[in-house]
Amino acid sequence: MSALVPRQRSARPVLPERRVRVDGEDVGYVEAGSGPVLVLLHGHEQDATTWRRVMPALAEDRRVIAVTLPGHERTQVPVDGYAATRDLARSVGGFLDALGIGDVDLVGHSMGGAVALHLALTDPSRVRTLTLVAAAGLGREVNPLIALGTLPGVGEWAIQLSRLPGGHVQRTVLSMAMLFARPWRAPAGFLREAHAMGRRPGQLEASTALSRALFNVAGQREVLLGELHTLTMPSLVVWGAWDLVLPAHHARAATGRLPRARLAMFPACGHLPHVEQPDRFIAELRTLLTQPQPQTRRHHAA
């Protein structure tokens, strides 16, 4: 795998994982900084560590919390997963309540984008700004390989292939080719983390179960475009122009429906703008976060 990516040029601070009890489950998260709360929700087959390349800069003037969504934990992976992104949104709401957090700036990537959308739709007073990063739920289309993997037997066959000698490495390499515009430039740390996650006991079974909750052979099960006009908070839609997972025209459709949205299309970028082009991602998000906001409508004790 070392030939696929260059060595990282500098070490990044390791943020310790914290845990809080939410509805009978331990939810993991990492946190940095202080000030207004910024919550980051990761995509499918990832966890809170996917945000570590942007967290230090964002935490310079705010409290940044990256949540590991249920079904993606390092310690226990439930094979049945969750029925839909709305269930995960309820879990995120319970997580914020458990920490005594009220209004937040909310960022969601891929599956986490659909989770963020559900939270904003069901409790808009809680979301000061909304950032959707290559978000699910904005159109039917998805990469055909992902749709194919939801067919009965196909996902199980792929799991068995990954367990053959060298299978986990091949799976990781194929994943990087789908996620990055230039896979050979993917951060070495991200590659190691993705490979390690795929080897955790039960992770592939849980991933397949959750994929089937999100997608079917026709594409995404849930499209929320028709509800976006109700979201009046300042919004940012970030997308990679070379995204092979979810097509870039979903970004344009969403921006056209959100009343106060701005589109940031990253050229020569795939499905992970915050990983592949972190400096530009930070700059675009800061532009949103520093614009004048309406007075806070909701308060929770810290």
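The values are calculated or read from the model by the stated rules, or taken from the named source; none is laboratory data. Predicted model, so just to flag it, every value in this text is computed and none were measured. Backbone-built Cβ (ideal geometry, glycine too); neighbour counts: all protein chains shown.
Of all residues in segment 105-158, those satisfying the criterion of being closer than 25 Å to THR208 by Cβ and of a type in the set (Val, Ile, Thr) are VAL115, VAL133, VAL142, ILE146, THR150, VAL154. Residues in segment 130-148 that are surrounded by fewer than 22 Cβ atoms within 10 Å (Cβ to Cβ) and of a type in the set (S, T, N, Q): ASN143 alone. Determine if segment 118-128 includes at least one residue that is β-branched (Val, Ile, Thr), crowded, with 19+ Cβ neighbours inside 10 Å and at pLDDT 95 or above. For segment 118-128, residues β-branched (Val, Ile, Thr), crowded, with 19+ Cβ neighbours inside 10 Å and at pLDDT 95 or above: present. Every listed requirement among (1) over 24 Å from GLY270 (Cα atoms); (2) at pLDDT 90 or above is met by PRO70 save one, (2). Looking only at residues in segment 207-246 that are of a type in the set (Asp, Glu) and over 16 Å from the mean Cα position of the chain (by Cα), which one is surrounded by the most Cβ atoms within 10 Å (Cβ to Cβ)? Per the stated criteria, the residue is GLU222. Among the residues of segment 219-252, the ones that are in contact with a strand residue (DSSP E or B) (Cβ under 7 Å, 6 or more places away or on another chain), part of a helix (DSSP H, G or I) and over 15 Å from PRO267 (Cβ atoms) come to 0 in all.
Residues that are at negative phi and not in a strand (DSSP E or B) within segment 121-138 comprise LEU121, THR122, ASP123, PRO124, SER125, ARG126, ALA135, ALA136, LEU138, listed in sequence order.
Pairing residues of segment 139-154 that are closer than 17 Å to GLY270 by Cα with residues that are of a type in the set (Phe, Trp, Tyr) and surrounded by 13 or more Cβ atoms within 10 Å (Cβ to Cβ), at Cβ distances under 7 Å and at least 6 apart in sequence or on separate chains, gives VAL142/PHE215; ILE146/PHE215.
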